[in-house]
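S.K.: Sharing a structure here in structure tokens format.
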Amino acid sequence: MTENGQTDVPCVELRQVEQRFTTRKGGNVHALGPLDLTLRRGEFLSIVGPSGCGKSTLLDILSGLARPAAGQALLNGQPIRGVPDGVGIVFQEDASFGWLTVENNIAFGLKRRGLARDDIAARVEHALDFMGLRRFRTSYPSQLSGGMRQRVCIARTLVMRPSLILLDEPFGALDQQTRLLMGDELLRLWRETNATILLITHSLDEAVMLSDRIGVMSARPGRLIKLVETGWPRERDSTVVSSPHYGDLLSEIWAPLRAESNHHMAANNA
Amino acid sequence: MKTGLTAIPYALRLLLIVVLVGLWQVFCSIGLLGTGIVPAPVTIWHDMCAVMGQSASRAALWLSLRDILIAALIAGAGGIAVGMIVHPIRLLRAALEPYLASYYAVPTFIFYPALITVTGSGRLPIILISIMLGIVAMITTTLTALDGVSRSIVRTARVFGLTPLQNVMYVRIPAAAPMLLSGLRLCVSYAFIGVIASEFIMSDAGVGYQIAYAYDNFDTDTMYGYIGCVVVLAAATTLGFDMIAAEPVKREGA
């Protein structure tokens, strides 16, 4: 294990992964790839890219919600077929279950998995404390703010103890201040759970602040055009935004992203 | 207990009824409305009490109510089931949608004589016509309700590894519950119309038949008594549904 808490053991491997879609009018859209990427176990990797570059498609492939049209996606050395065990996902949109209380939301996956009642109760209690939701355990999501609802979704994912957590712009609907605070919490969770995290985000700030590595994707079909090591220590928080290195990193990922975004807009206007 | 601003609509609704019934009573009392044609509310109340005091009348009401419940339940459950099956099959939905949209353009009651020739007279054609009235409303409500379930919730359910049946039972139905309850309320309303109107047209039992019988025999007291009972029953059922639906709607923040 490195001093950054990562191992060299790959958690996820993408080999020449491609995705294509058929549109309703019968057209063929090349959405993603070919893409090669290795996620090291315990790593926090963010992916940024222009709109429509296939970031969410990549997440669907990793979570087993979609199969790649070509190439191989491996989790812990095994091909991903269907939704694999040990993978948790948090979406940008509110995915809390409005008909369940906070504690029943958190317990949802555990109950479906058939865990013993005591085990479920213990995990839920821990998650309520961990995510600062104890006061709201009997509340319904409609009674909570957007940030609190997202915490519920994260808690619901974490109680399953996933080894790989996929985050699809989980803070996208939150204000900047809440995003920074949630980012701090996410880093704390990541350190304490030793999970591998893949974050898809539009926010360069978020990617630079949170990640060990940042992958920059091209416009559609999304390919990885740059991988940047941030070099942050594992014990980090949102105060890194005041570091001079933070600005350097932002510039480093913005340069290729700017070119790609311009290319994307030009293509859309053509 | 409702307090403050939330209680105002309820109070206004009640006030509206009180004012209308009060005006009706006053108009009858001062002779503006002929009581031989439209009895005063107090008279109808007495007629209702008289009707409810007879065991034969209570049996007629119970018979109609039973068939209304059977029809509403079958139309509701059937409509939800069909909606759930059709919803994920895009081609099937696209093929069915024009028929669903134009279904109510055809007056369903024209099939009542045909149903009697197939099933014979009795309660079965009454229940069938009531199901036919309600089921399509439930199917379309179910389709719309499922459209409204957010994609992220559906995807979350998949990530939790739910089987298709678990997905429906634990996620899709609860997520769509507020709207499904509205659909069920429609089914009950259609069942009321279907059962009472069918009994009215061609039947030898039930509250619809009793109203028609009283009308044919110029027994307006009994007729209005039964009409009052049906109005109260229908209003109570709708109110009951609203109360049941209020909790899921409140939870969902709708």
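Every number in this text was worked out from the coordinates using simple rules, so none of it is lab data. Keep in mind that this is a model prediction, so the values were computed, not measured. Cβ sites come from the backbone with ideal geometry, for glycine too, and all protein chains shown count toward neighbours.
S.K.: Checking the a/c ratio against 1.5 first, then a/b against b/c, what shape does the Cα gyration tensor give for region A:126-270? Write out the running numbers ahead of the final one.
M.R.: Details: a/c = 2.11, a/b = 1.64, b/c = 1.29.
Judged from the Cα gyration tensor, region A:126-270 comes out prolate (a/c at least 1.5, a/b above b/c).
S.K.: Return one quarter of the surface area of the convex hull spanned by the alpha-carbon atoms of region B:54-249, equal to its mean projected area, in nm². Intermediate results must be reported in sequence, preceding the final value.
M.R.: Values: hull surface 51.4 nm².
Quarter of the Cα hull surface area: 12.9 nm².
S.K.: Same structure, new question: Return a whole-number percent for the relative contact order of region B:1-138, with Cα pairs under 8 Å and 6 or more residues apart as the contact set.
M.R.: Values: 60 pairs, mean separation 34.8, N = 138.
Contact order relative to length: 25 percent.
S.K.: Set the Förster distance to 45 Å, then compute FRET efficiency between B:F111 and B:V21 from the Cβ-Cβ distance, nearest 0.05. Provide the component values of the computation, followed by the final result.
M.R.: On the way: r = 38 Å, r/R0 = 0.83.
So, using R0 = 45 Å, E works out to roughly 0.75.
S.K.: Express the relative contact order of region A:72-229 as a whole percentage, based on alpha carbon pairs under 8 Å and six or more residues apart in sequence.
M.R.: On the way: 196 pairs, mean separation 39.2, N = 158.
Normalised by residue count, the contact order of region A:72-229 is 25 percent.
S.K.: Same structure again: Going through the DSSP H helices of chain B, which span 20 Å or more along their own axis at the Cα atoms while scoring at least -0.5 as a mean Kyte-Doolittle hydropathy? Please list the in-between numbers first.
M.R.: Values: long enough: B:7-29 (33 Å, 1.93); B:55-86 (45 Å, 1.52); B:123-147 (36 Å, 1.76); B:173-201 (40 Å, 1.55); B:220-252 (47 Å, 0.63).
Qualifying helices, which must be both long enough and hydrophobic enough, are B:7-29, B:55-86, B:123-147, B:173-201, B:220-252.
S.K.: How big is the gap, in Å, between the Cα center of region A:19-71 and the Cα center of region B:1-71?
M.R.: 63
S.K.: Counting each pair of different Cα atoms once, what's the Kirkwood radius of the protein assembly as shown in Å, rounded to one decimal? Please report the intermediate quantities before stating the final value.
M.R.: Values: mean 1/r = 0.0362 Å⁻¹.
In the protein assembly as shown this quantity evaluates to 27.6 Å.
S.K.: Scattering from the C-alpha atoms of region A:12-105 alone, worked out with Debye: what is log10 I(q)/I(0) at q = 0.25 1/Å?
M.R.: Here the Debye-derived log intensity ratios amount to -1.38.
S.K.: Give me the inter-chain shielding for B:156-168: mean count of other chain Cβ atoms within 10 Å, whole number please.
M.R.: Details: counts 13, 5, 6, 16, 12, 9, 4, 1, 0, 0, 1, 0, 0.
Per residue, the average neighbour count from other chains is 5.
S.K.: Moving to a separate point now. How about region B:211-245: which chymotrypsin sites (Phe, Trp or Tyr not before Pro) there are in a DSSP loop, with at most 13 other Cβ atoms within 10 Å of their Cβ?
M.R.: On the way: sites: B:Y213, B:Y215, B:F218, B:Y224, B:Y226, B:F241; in loops: B:F218.
Answer by residue number: B:F218.
S.K.: Right, another one. Under the rule of -39500 (n - 2.57) per DSSP H run of 4 or more residues, summed and divided by the residues of chain B, what mean residue ellipticity at 222 nm is obtained, to the nearest 500 deg cm²/dmol? Could you put the intermediate results ahead of the total?
M.R.: On the way: 10 runs with 194 residues, N = 254.
About -26000 deg cm²/dmol.
S.K.: Then there is this: Suppose each label sits 7 Å from its Cα in the direction of the beta carbon; what would the B:L12-A:S251 distance come out to in nanometres?
M.R.: Simple spin-label model gives 6.2 nm for this pair.
S.K.: While we're looking at this one, here's another question. Take the Cβ-Cβ distance between B:A59 and B:Y103 as r, set R0 to 35 Å, and report the resulting FRET efficiency rounded to the nearest 0.05. Show your work: numbers first, answer last.
M.R.: Details: r = 34 Å, r/R0 = 0.97.
According to the calculation, E is roughly 0.55.
S.K.: Okay, moving on. Once each part is reduced to its C-alpha centroid, what is the distance from region A:115-176 to region B:194-254 in angstrom?
M.R.: After rounding, the separation between the Cα centres reads 47 Å.
S.K.: Let me have the relative contact order for chain A, percent, based on Cα pairs under 8 Å that are six or more residues apart. Don't jump to the answer; show the numbers that get you there.
M.R.: Details: 514 pairs, mean separation 65.9, N = 270.
Relative contact order of chain A: 24 percent.
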